[in-house]
Amino acid sequence: MKATVENFFFDQYNLQPAVIVRSPGRVNIIGEHADYNNGFVLPAAIDKAAYLAVSLRNDNEIHLTALDLNETFSTTVDELKPIGDISWPNYILGAAAQFLKRNISLPGFNAVLASDVPIGAGLSSSAAVECATVFALNHLLQTNIERVEMVTMAQKAEHEYAGVICGIMDQFASMMGKTNQVIKLDCRSLEFEYVPFKLDGIKIVLLNTNVKHSLASSEYNTRRLECIQAVEMIQAYHPAVISLRDATVEMLNQYVLPFNNVVYQRSRFVVDEMERLNQACQFLQEDNIIALGDCMFKTHDGLSRQYEVSCKELDYLVDFVRARKEVIGARMMGGGFGGCTINLVQSDKINTLINSIKSAYEEAMGLPLDYYIATIQNGTDVI
């Protein structure tokens, strides 16, 4: 991938890129939809990544190429704004705009983007591009911004230019990942610790439904508002509760359930999921992978029935593997309404599983089933 973007950049602009940055996608073991509720999450960077080659210009023009899509886009620094007709430039432009918001002088630049993070699979391909852009420009402008601040800049790019009011998890995992480690991240304080994730004889297998996220962005924002509504209902009696991180099941039962069952189901899932994450970290420390897998299945059931962000294709894949001994745990991952399931599978049984589930899924759902074996690797960096 490095050679591909480097060679194309030279062909396009007749010069070598000043920097090439690799920024990975992510998986999340458990703690789904907890990040924007100020809870804990347990993500990791993976071996699928966006690659961005960049050089600064002597004028204020911005020229972008998405190699995989065979698309180009041009604008100027003075005209930086979200665009509506195609989405991918917004991830780069939104990240670049964060430097201007910090009163950092930004010249024009040329960039070539390539990625092997599957788009729409729930692996945060957009966060990978945002982090790559912030990291590359920070490097070239020599602004010495710390990694955690670059994470927040990438998150704001998603908010302001992509229009998705995401939490901090995706960008944090992409920027801060470490090989064979998951990140226990406190999304309120941004305090974090690395937890070893070396599963002997077990690999992470991602099964891609190939369902497009037609509802993902709008319903994601709706779920966020429903969680805020639950907090507001509790705040009338407990002013110190400022997010679902502060809520208890007892509060939900008393102040939310009698008045709005939908909001109760959403918020109850989040509160339960925060507790499951703490249990999962303890199980990892104890090397109790069976118990970790059980937590993953419970998370999926909550996402499907309470948070209602699953779909029939995701449910089919999880139900298919639920009784198979070679699968330790599985659940849908990401915003929902498509994308991937994450599965912990015995290494020597992966081929058998894929041969079985691929044909069954394709016959039942009428869609192709893709799969990826993911390894946990380092986060964003210059290559």
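A short reminder: the numbers here are calculations on the coordinates, not readings from a lab. If you're wondering where the values come from, they're calculated on a predicted model, not measured in any experiment. Note: ideal-geometry Cβ built from the backbone for every residue, glycine included; neighbour counts use all protein chains shown.
Return 170, 294 ranked ascending by Cβ neighbour count within 10 Å, so the fewest neighbours appear first. It would help to have the intermediate numbers written out before the result.
Numbers: 170 31, 294 17.
Ranked by crowding around the Cβ, least crowded first: 294, 170.
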Exercise for the section: Express in whole angstrom the spacing between the alpha-carbon centres of the stretch 161-223 and the stretch 258-333. Expected result: 15 Å
Exercise for the section: Using a Gaussian network model of the chain whose springs link C-alpha atoms within less than 10 Å, name the residue from 332, 169, 365 with the highest mean-square fluctuation. Expected result: 365
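Local charge sum around residue 125 (other residues, Cβ-Cβ under 12 Å, Lys/Arg +1, Asp/Glu -1)? Let's see the in-between values first.
Values: positive: 26, 48; negative: 68, 116, 130, 158, 170.
Spelling it out: positives minus negatives among the neighbours equals -3.
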Problem - Degrees between helix 350-365 axis and first principal axis of the chain (Cα, 0 to 90, nearest 10) - result: 90 degrees
Problem - Gained length - residue 349 relative to residue 279, 0.36 nm times residue gap less alpha-carbon distance - result: 22.5 nm
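Suppose every Lys and Arg Cβ carries +1 and every Asp and Glu Cβ carries -1, with no other charges. What dipole size does the stretch 2-198 come out with about its Cα centre, to the nearest 20 debye?
Details: 14 positive and 22 negative charges, 101 e Å.
That gives the stretch 2-198 a dipole magnitude of about 480 debye.
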Fill in the blank from the handout: Using the Cα gyration tensor of the stretch 2-198, the equivalent ellipsoid's semi-axes, largest first and to the nearest Å, work out to 27, 18, 15
Handout entry: the stretch 334-383 versus the stretch 99-149: alpha-carbon centroid distance in Å
Key = 27 Å
Practice task
Compute the signed sum of charges (Lys and Arg +1, Asp and Glu -1) over the other residues within less than 12 Å, Cβ to Cβ, of residue 65.
Solution key: -3
Practice task
Could you tell me which label, among (i) 20.9, 66; (ii) 23.5, 73; (iii) 38.6, 120, carries the value of Rg and Dmax of the Cα atoms in Å calculated for this structure?
Solution key: (i)
Completion exercise
Taking 140, 206 and counting other beta carbon atoms within 10 angstrom, the fewest-first order is 140, 206
Handout entry: Qualifying lysines (Cα of each under 16 Å from Cα of residue 325; at least 8 residues distant if same chain)
Key = 203, 349
Completion exercise
Over the chain, the sum of -39500 (n - 2.57) across DSSP H runs of at least four, divided by residue number and rounded to 500 deg cm²/dmol, gives at 222 nm -13500 deg cm²/dmol
Fill in the blank from the handout: Across 64, 185, 367, the residue with the highest GNM fluctuation in the chain (Cα network, 10 Å cutoff) is 367
Handout entry: Peptides 24-30, 251-257 ordered by average Cβ neighbours within 10 Å, highest first
Key = 24-30, 251-257
Handout entry: Estimated distance in nm for a label pair at residue 248 and residue 319, the labels positioned 7 Å out from Cα along Cα-to-Cβ
Key = 3.7 nm
Handout entry: Sequence of 195, 231 once ranked by neighbouring C-beta atoms within 10 Å, starting from the fewest
Key = 195, 231
Practice task
Springs between alpha-carbon atoms under 10 Å, Gaussian network over the chain: tell me which of 262, 54, 117 tops the mean-square fluctuations.
Solution key: 262
Completion exercise
So, over other residues within a Cβ distance under 11 Å of residue 332, counting Lys, Arg +1 and Asp, Glu -1, the net charge is -3
